[in-house]
Amino acid sequence: MLTGDKAKYLGLIFAIAFSTFLMSHQVSIFCGLMNRTASQINDVHDASIWVMDAKTQYVDEVKALTDQDLYRIRGVEGVEWAVPLFKGTSRAKGADGKFRGVILMGLDDSSLVGLPRSIRLGDAKALRDPETMALDETGYRFFFPGEPYALGRTLDLNDRTLKIVAIVNSSAPFVNLPVVYTKYTQAVQLVGRERNQLSFVLARSAQGFNDEDVARRIGAGTGLKAVTGEAFGWETIWYYINNTGIPINFGITVVIALVVGTVVAGQTFYLFTVENLKQFGALKAIGVSDWRIVRMILMQALIVGAVGYGLGIAMTATFFAATADNLDLRGFRMLPQIMVGTAGAVFLIVFLASAISVRRVIVLEPAVVFRG
Amino acid sequence: MKVLRGVDFNVPVGEMTFLVGPSGCGKTTLLSVIAGLLNPSSGSLAVLGTEMAEVKGARAVEFRRKNLGFVFQQFNLLPALTAAENAAVPLLAAGWKRKTAVEKGAALLDELGLGHRAKALPNTLSGGQQQRVAFARALIHEPKLIVCDEPTSALDAETGHYVMELLRKIAVRPERAVLVVTHDNRIFPFADRIAHMNDGLVERVESSTGGTH
């Protein structure tokens, strides 16, 4: 019946598609943004345990450990190996004078644990040479815009000139700054003088030991905080969720999409029902049961819901496909969980939109068809 | 408020009975009661030998589905369904397979001279054509009682005359009663019997053979 009224049919589909797009798009951006907060953690694949000061809340705010801590961690039963990791910020300057703040990662001189696995150009081993660095793609495109990837170029960090020996594909950081990777000993020389420079210790549990158990042993044995990389990533994400206005802002948008979608769809659906009361009354008079009419209404609601949902998801997918090559939008993508969650929200919209109409039809006296 | 009072009235099978009277006299209410769409507050009503007071809820729906055919003033066709699908609605409601039901709907439309428009949507049909689709919907399940509410009021005189001829030809059967509510005196000659109502009462019933009671 609904397809017979093209204006309302299209209006319903547009309302649901718009809501779907807004919800799936905003939740995708939010999840991508939150995932970015843990990008430096996610890029460490070789170590499973992160050790840090006991009061550390998230990855971007650290109190340095001592070298002694590193040795104590190595002595804990179940630790196969433990290496230092420096994480800080610095300022890089190109040959043309262009400069930008960078995230500086200092990797263990020997193992280079913490370097992203995806290397676009160059050789990770060359990082062991003095005055060398690996730069992520965002940094390369900032300092050398429009130029093909090439090794041997230099950047100045704290008046030291470092040669680019590798270009890596790192996860997009929350603040979207370039990421520079260099040896640990090199990194601590590049930043200001502090008595201690050891941001984190990355460790790996020995064969036969469970990561969580080893983390607990490290914590008990050293008084430091030791958690798995996954747990630390979630701690960081929750820190940003609990301490910033980001979830509220995105949440408001999603709620508005839900409310506007429900109101517009509900009103349109109700108008359609009211305008077709005679037809519904005729069906009831003819002998079509209430249950069958309810199924008709719900089926129509589900069809417009499915079409609107499909269009909305397609719009969101098109957005992320169109921006896939934009480095500033790295890490933003629509997850299957978001599609499922949005489908649930659309189902709720459709259910609420049709509920009032269903009630109106159920209480309808079939004798209405004989009234003028 | 009592709309009907002292109604004593029979609709015989094999005839077309008209229920006529001024606006507000209770014709539509009486039609609704006879069709089982409203329950009388007192008195008794038997339709096709069944006491309607005993038929309620789902049983009333089933009774209407099996035994009654409806023709409405404004046709009330479903706008998204084709003419054949609209005609097939009572069969679909009875659980027939869609294909079989629609084929039967198309065949009946053919009998009504509308076979070539079986796949047309209602909004592309003229008033007379829509009424013929409504006739097909009322007849397709071969009901024993057909109730028609002002079947010609939305049609011009010529078309109204034509559809009443058609209705008489295809609807009146020895085993079936046809009840038409109308105030269109141009179609009175099609009636076998005319019940005149006024102020909630059936004042008199005229037969086409000349009898009055």
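The values are calculated or read from the model by the stated rules, or taken from the named source; none is laboratory data. Treat the numbers as computed from the prediction; the structure is a model and nothing was measured. Quick reminder, even Gly has a Cβ in these numbers, built from the backbone with ideal geometry, and neighbours come from all protein chains shown. Note: accessible area is taken over every heavy atom of the protein model, side chains too, but ligands, DNA and RNA are not part of it. Shrake-Rupley method; radii C 1.70, N 1.55, O 1.52, S 1.80 Å.
I'd like the Karplus ³J(HN,Hα) series for segment A:230-239: coefficients 6.51, -1.76, 1.60, θ = phi - 60°, whole numbers in Hz, and an x wherever there's a Gly or Pro.
Once rounded to whole Hz, the list reads 5, 5, 5, x, 5, 4, 5, 4, 5, 4.
Need one value for A:284-296: mean number of C-beta atoms belonging to other chains within 10 Å of its residues' C-beta atoms.
Counting other chains' Cβ atoms within 10 Å and averaging over A:284-296 gives 6.
Could you work out the Kirkwood radius for segment B:118-211, taking every pair of different alpha carbons, averaging 1/r and inverting it, reported in Å?
Evaluated on segment B:118-211, it is 14.5 Å.
Rolling a 1.4 Å sphere over the protein heavy atoms, what is the accessible area per residue of segment A:174-256, to the nearest Å²?
49 Å²
Summarise the accessible area of segment A:282-372 (1.4 Å probe, protein heavy atoms) by the percent that is carbon and sulfur.
Here it works out to 71 percent.
Scattering from the C-alpha atoms of chain B alone, worked out with Debye: what is log10 I(q)/I(0) at q = 0.10, 0.11 1/Å?
-0.43, -0.52
Rank A:9, A:44, A:119 by how far each Cα sits towards the positive end of the charge dipole of segment A:1-160 (+1 on Lys, Arg Cβ; -1 on Asp, Glu Cβ) and give me just the farthest.
The one lying farthest along the dipole's positive direction is A:9.
Which entries in A:87/A:183; B:66/B:144; A:125/A:183; A:284/B:119; A:125/A:163; A:98/A:183 show an alpha-carbon gap greater than 18 Å?
Check vs 18 Å cut-off fails for A:284/B:119; A:98/A:183.
Select from B:87, A:347, A:301 the residue farthest towards the positive end of the dipole of the protein assembly as shown; place +1 on Cβ of Lys and Arg, -1 on Cβ of Asp and Glu, and compute about the Cα centre.
B:87
Give, ordered by residue number, each residue of segment B:45-61 whose 1.4 Å probe accessible area is reduced by a minimum of 30 Å² on adding the remaining protein chains to the chain alone.
Relative to the lone chain, where solvent access is computed with a 1.4 Å probe, segment B:45-61 loses at least 30 Å² at B:61.
To the nearest 0.05, what FRET efficiency results for residue A:191 and residue A:302 with a Förster distance of 51 Å applied to their C-beta separation?
0.30
Pick from A:238, A:291, A:50: which residue has the top mean-square fluctuation in a GNM of chain A where Cα pairs under 10 Å get a spring?
Ranking A:238, A:291, A:50 by mean-square fluctuation puts A:291 first.
Just to be sure I understand: if you take the accessible area of chain B alone plus chain A alone and subtract the pair, with a 1.4 Å probe, what total do you get in Å², rounded to 100?
1900 Å²
Taking the convex hull of the Cα atoms, report for chain A its projected area averaged over all directions, in nm².
24.4 nm²
Shielding by partners for B:137-145, please: the mean number of other protein chain Cβ atoms within 10 Å of each residue's Cβ.
Per residue, the number of nearby Cβ atoms from other chains is 1 on average.
On the protein heavy atoms, probe 1.4 angstrom, tell me the percent of accessible surface of segment A:67-181 carried by carbon and sulfur.
Whole-percent figure for carbon plus sulfur exposure: 48.
Could you sort A:84-92, A:18-26 so that the peptide with the highest average Cβ count within 10 Å comes first and the rest follow in order?
Output ranking for A:84-92, A:18-26: A:18-26, A:84-92.
Ignoring everything except DSSP H segments at least 4 long, calculate the 222 nm mean residue ellipticity for the protein assembly as shown; use -39,500 (n - 2.57) per segment, divide by total residues, nearest 500.
Calculated at 222 nm, the ellipticity per residue is -14000 deg cm²/dmol.
Only four residue types carry charge here, +1 at the Cβ of Lys and Arg and -1 at the Cβ of Asp and Glu. Report the dipole size of segment B:53-105 about the Cα centre in Debye, rounded to the nearest 20.
Dipole magnitude for segment B:53-105 comes out near 180 debye.
What is the distance in Å between the Cα centres of segment A:253-297 and segment A:308-368?
Here the answer is 18 Å between Cα centres.
Keeping every protein chain present and rolling a 1.4 Å probe, give me the accessible area per residue for chain B in Å².
Result: 46 Å² of accessible area for each residue.
Take the alpha carbon gyration tensor of segment A:218-305, find the square roots of its eigenvalues, order them as a ≥ b ≥ c, and report rounded if a/c is under 1.5; if not, report prolate when a/b exceeds b/c, else oblate.
Prolate, because a/c is 1.5 or more and a/b exceeds b/c.
Measure out, as a whole number of angstrom, how far apart the alpha-carbon centroids of segment B:128-192 and segment B:72-121 sit.
The distance from the Cα centre of segment B:128-192 to that of segment B:72-121 comes to 17 Å.
So which residues in segment B:69-92 end up with at least 50 square angstrom less accessible surface once the other protein chains are there, compared with the chain by itself, probe 1.4 angstrom?
B:72, B:76, B:78, B:79, B:80
Summarise the accessible area of segment B:79-213 (1.4 Å probe, protein heavy atoms) by the percent that is carbon and sulfur.
51 percent
So which residues in segment B:5-38 end up with at least 50 square angstrom less accessible surface once the other protein chains are there, compared with the chain by itself, probe 1.4 angstrom?
Buried on complex formation: B:37.
Based on the mean of other beta carbon atoms within 10 Å per residue, what is the order of A:123-135, B:27-39, most packed first?
B:27-39, A:123-135
Would you mind calculating the relative contact order of chain A from Cα pairs under 8 angstrom and at least 6 residues apart, reporting the percent as a whole number?
Relative contact order here is 30 percent.
If you average the sequence gap of Cα pairs under 8 Å that are 6 or more apart and divide by the length of segment B:64-213, what percent do you get for the contact order?
Relative contact order of segment B:64-213: 25 percent.
Express the Stokes-Einstein translational diffusion coefficient of segment A:18-87 in µm² s⁻¹, to the nearest whole number, given a Kirkwood radius over alpha-carbon pairs, 25 °C and a viscosity of 0.890 mPa s.
Translational D for this selection: 165 µm²/s.
Given springs between every Cα pair under 10 Å in a Gaussian network model of chain A, which of A:322, A:257, A:265 has the largest fluctuation?
For chain A, modelled as a Gaussian network with Cα springs under 10 Å, the answer is A:322.
Using a 1.4 angstrom probe, figure out how much accessible area segment A:1-119 has per residue, in square angstrom, rounded to the nearest whole.
42 Å²
Rounded, prolate or oblate for segment A:111-266? Axes are the square roots of the Cα gyration tensor eigenvalues, ordered a ≥ b ≥ c, and the cut-off for rounded is a/c under 1.5.
In terms of gyration-tensor shape, oblate.
Which of A:78, A:281, A:146 ends up with the largest GNM mean-square fluctuation for chain A, with Cα atoms connected below 10 Å?
Top of the fluctuation ranking is A:146.
Output ³J(HN,Hα) for segment A:86-93: one whole-Hz value per residue in order, computed from phi by the Karplus curve 6.51 cos²θ - 1.76 cosθ + 1.60 with θ = phi - 60°, and x for Gly and Pro.
9, 9, x, 10, 8, 10, 10, 10
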